[in-house]
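Presented below is the structure to which this report refers.
Throughout, read-outs are computed from the coordinates displayed, never taken from laboratory work. Remember, predicted model here, so these are calculated numbers, not experimental data. Every residue, glycine as well, gets a Cβ built from its backbone with ideal geometry; the counts of neighbours run over all protein chains shown.
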């Protein structure tokens, strides 16, 4: 599992500003790659984190909240389905890392339907 970057206060401001701005561009129909080409920071590592997290956010909203398939998401963002699948796997890995770090999943807290 990759190490997670600790943001400085300035990096956090850039991250928050850029995620908000990029989401607005996507909502207006700009492609994912064109949107990400406008990330406003010279820090290559921060650019990649913003890009990856933006796609994670879009997957969470479009797939889990709205029920769109990976194919539909890829089409709407004008990217390859493979990119969606790769980032989705990272999302699952992130969840498992968090669950394991926090001491596991307490099944007593879960509600099953």
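Tabulated results
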item: Long-range Cα-Cα pairs in the range 28-87 (distance over 20 Å), rounded percent; result: 22 percent
item: Distance between modelled label sites at residue 66 and residue 95, nm, 7 Å Cα→Cβ extension; result: 2.0 nm
item: The chain - mean residue ellipticity at 222 nm from DSSP helices (-39,500 (n - 2.57) per run, n ≥ 4, rounded to 500); result: -19500 deg cm²/dmol
item: Dimensionless Rg ratio for the chain, taking C-alpha atoms and the 2.2 N^0.38 Å reference; result: 1.18
